[in-house]
Structures are given as C-alpha cells and as structure tokens.
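The values are calculated or read from the model by the stated rules, or taken from the named source; none is laboratory data. Note that the structure is predicted; figures quoted are calculated from it, not measured. Cβ coordinates were reconstructed from backbone atoms using ideal geometry, including for glycine residues, and neighbour counts include every protein chain displayed.
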Amino acid sequence: MANLPELYSLKVDELKQRLRLLEIQKKPTLKGEIIAALEGELLSSRIQRYVDRLNDLERLALAEALYAPDGRLSRSAFVAKHGELPDYFQISGYSYRRQKSSSYLCLFFIGWTIPPTLMERLSPLVPRPAGFEMATLESADLPAEVELSGSRRSPSGEKEKEALVVREMEPVARHDLNALLQMAEAGQLSVSAKTLLPSAATLQRIAEQLLGGDYYSPDQEVELKRYQGGAILPIRAYAWPLLLQSGGLAKVEGSKLALTPKGKRLRTRPFEEIMRELYRGWLSRGVQDEFRRIDLIKGQTSKKRPLTAVKERRESLSRILASCSWVSGGYFGADR
C-alpha cells in the first residue's frame, strides 16, 4: 500500500521533475519506482535536508500550509500576510505554473496542498508561523491620495491616483435610520417576498432620502454589463431594508416592508440602542449575503466550491471593526 497515494495523481513527467531534486545516485524510470524513491526520501529522516533547501519565502509557504486545517496554502491569505507568493506558485497566463519545478516546494505540495502523511512528517521540523497582524493607520496618517487598484502605470512608472474621501458615518446613519423607519411605518418600502429585496422604484425612493446620497454619486456610475460586474449603485439603499429585517425591526407583509412589534417598540429608543440591535441581528441572522449584490463574485450558489460561510465572514469583519482602526489596503477582494 502506498504511503503517499497522492503521488499517483501526477503524470510521469511531473514525478520525474521531483525525482531530479532527490539526492540519490540511481534515478528510476518507471512510475511505481519513482514514487517509491520519493516516498523513501520524504518519509525518512532525510526529509530535513530538503526542507533546509527552501529559501525564506518558500519556508513560510510551507509553514502556512502545514498549519492550515486542510493543509492547503491560501493564495490570498499568504499574499496579504507576506506580500508575495514564492515563484513556485506564481501565475502565468491562465494557469498556475511551477518555476521550472526547480523549487524544493514541489516535493511537499500536490497542487496547493500538502498530503496528510507529509504533514505528519513535517510538523516536528517546521515551526508554526506567526499570527496574522493587519497594518493599521491613525487618522492623522491617512494619505491624501490612493492608488487605483488595477490602474495602468504612467510612462514615469506611477499608477493613477484618486483623492481619498473620508466619510463620518455616525450622523449620516442617525438620519438614514430614522428615514427608513418612517418609510416602513408609512408603507413606502415595496419588497419581494421571495428575495426580500426592495423594488427598483423603492431603491430610488430610498436613495433620495439618504443624507448626502449614496457612497457614489450617479455621475460616478459605470456602465458595465452584469457579467462584468454590473452597476456600482445602489449600496446603502440596498443595505438598509435588509438590515431592518435582520434586526427584526421590519418584516415583509404582502408586498411591503412593515415594522414589527419590536420595531415599533424600538422606534422611540435611543439611536445607539437601535443600531446595537441591528448589528447583533446582522451578525447572527443576516437575511441575505451582501455579495449577492455583485454578480461578478462567482460561486455564490456553487455546491462544489461555495463561498465562505456568511456568519463566519461577518464575525471576522466584526473583529476587525472592533479595532476601531483604519485598515491598510490589500487585504480584501483577492481570490483564494
């Protein structure tokens, strides 16, 4: 019985690429013999010599995958934490390439994952990596401009920049919450009983009531097709009806969003108390995944490779928000 059955999923050429890295004199040519040679080196004390051949960034990649629950290296998490991937995992065109397979990482990984048997052998040899710490900024340290993600560089090598806009949202939220509660009380919020989302006319009506408008003005809207990402707006107008439902302040009655007894009771309570209830409801029982607003985010209904659980994702965001700090860019939006 093979000790590393995962090796049988590789083609002979891929096995030979790994074989060339082994410090053995006789190099077999048959698939079964190559696998036996790889197992003989990697499942013995000689595995240490191959770990020692890794450079610093490769060693970090090995450690991050080794101590991940599934033994898989997360591309986005690794780049967010360490800045870049080892050459072995770099992207070329539409596929992942292995840098001439000269990296000793290929001895430990099948794709992006370390086989369980190798994880057992490597655990005593590779220290657990340091925890992830996000870079944060004080308000006084915020830059006046930020580079636009994905923008092209000018002939001088600089990326296109845009002025950084800081929005103080507490007074805005006070106004918007009161406006939405009044609209719900007056039966002005038409929603779908199936999707729980407001109609297009209701979204426009909400947008007109928002203090200072939405995060982007209509003249900043982009004309993109749905498969390209669709429209930017609405954002806040889309979110408020869902927040009222998550917090139990409103529910669908027929084709309208109406205040619940709880909503009517909290209607006259202090703003902080109502927002606390909305926040708790959003964390524990949000009625819809916010990503559903963006068609470009694929896999939302996939059974084979679904997105991360909504509740876990919100709990992670909650921990970040609790720091009350400005978070440096580059942590969100990357694919795994």
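In the list 11, 31, 16, which residue meets the criterion of being exposed (fewer than 14 other Cβ atoms within 10 Å of the Cβ), assigned by TED's automatic domain parsing to the domain that holds residue 90 and of a type outside the set (S, T, N, Q)? Steps first, please.
Working: 31 fails: exposed (fewer than 14 other Cβ atoms within 10 Å of the Cβ); 16 fails: exposed (fewer than 14 other Cβ atoms within 10 Å of the Cβ).
Result of the check over 11, 31, 16: 11.
Do we find a residue being closer than 22 Å to residue 263 by Cβ, part of a loop (DSSP other than H, G, I, E, B) and in contact with a strand residue (DSSP E or B) (Cβ under 6 Å, 6 or more places away or on another chain) anywhere in the range 180-190? Explain how you work it out, then say what you get.
Residues of the range 180-190 that are closer than 22 Å to residue 263 by Cβ, as a first pass: 180-190.
Checking which are part of a loop (DSSP other than H, G, I, E, B) leaves us with 186-189.
Subset that is in contact with a strand residue (DSSP E or B) (Cβ under 6 Å, 6 or more places away or on another chain): 187, 189.
Within the range 180-190, one or more residues are closer than 22 Å to residue 263 by Cβ, part of a loop (DSSP other than H, G, I, E, B) and in contact with a strand residue (DSSP E or B) (Cβ under 6 Å, 6 or more places away or on another chain).
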Consider residue 313 carefully, then state whether it is of a type in the set (D, E, K, R), not assigned by TED's automatic domain parsing to the domain that holds residue 186 and not in a loop (DSSP other than H, G, I, E, B).
-> yes
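Per-residue answers, yes or no, for (1) assigned by TED's automatic domain parsing to the domain that holds residue 189; (2) closer than 23 Å to residue 169 by Cβ:
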position: 216; (1), (2): yes, yes
position: 226; (1), (2): yes, no
position: 237; (1), (2): yes, yes
position: 243; (1), (2): yes, yes
position: 257; (1), (2): yes, yes
position: 264; (1), (2): yes, no
position: 280; (1), (2): yes, yes
position: 308; (1), (2): no, no
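Report whether or not residue 111 is under 19 Å from residue 21 (Cβ atoms) and surrounded by fewer than 16 Cβ atoms within 10 Å (Cβ to Cβ).
Numbers: under 19 Å from residue 21 (Cβ atoms): yes; surrounded by fewer than 16 Cβ atoms within 10 Å (Cβ to Cβ): yes.
In short, yes.
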Take the range 252-275 and flag every residue that is over 13 Å from residue 188 (Cα atoms), of a type outside the set (A, V, I, L, M, F, W, C) and outside any loop (DSSP other than H, G, I, E, B).
-> 261, 262, 263, 264, 265, 272, 273
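Would a scan of the range 215-229 turn up a residue that is in contact (Cβ under 8 Å) with a residue 40 or more places away in the chain, at positive phi and out of contact with any Gly (no Cβ under 9 Å at 6 or more places or on another chain)?
Yes, the range 215-229 contains at least one residue that is in contact (Cβ under 8 Å) with a residue 40 or more places away in the chain, at positive phi and out of contact with any Gly (no Cβ under 9 Å at 6 or more places or on another chain).
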In this structure, is residue 164 at pLDDT 95 or above and aliphatic (A, V, I, L, M)?
-> no
Restricting attention to the range 6-40, report how many residues are touching a residue at least 60 places away in the same chain (Cβ under 8 Å) and assigned to a helix (DSSP H, G or I).
-> 7
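Look at residue 241 and say whether it is part of a loop (DSSP other than H, G, I, E, B) and modelled with pLDDT of 90 or more. Steps first, please.
Numbers: part of a loop (DSSP other than H, G, I, E, B): no; modelled with pLDDT of 90 or more: yes.
Judged against the criteria, residue 241 is not a match.
Using the structure shown, decide if residue 160 is surrounded by 11 or more Cβ atoms within 10 Å (Cβ to Cβ) and charged (D, E, K, R). So that I can check it myself, show each step before the final result.
Working: surrounded by 11 or more Cβ atoms within 10 Å (Cβ to Cβ): yes; charged (D, E, K, R): yes.
Answer is yes for this residue.
Of 133, 223, which residue is modelled with pLDDT under 95, part of a loop (DSSP other than H, G, I, E, B) and under 30 Å from residue 53 (Cα atoms)?
Working: 223 fails: under 30 Å from residue 53 (Cα atoms).
Result: 133 is the single residue among 133, 223 that is modelled with pLDDT under 95, part of a loop (DSSP other than H, G, I, E, B) and under 30 Å from residue 53 (Cα atoms).
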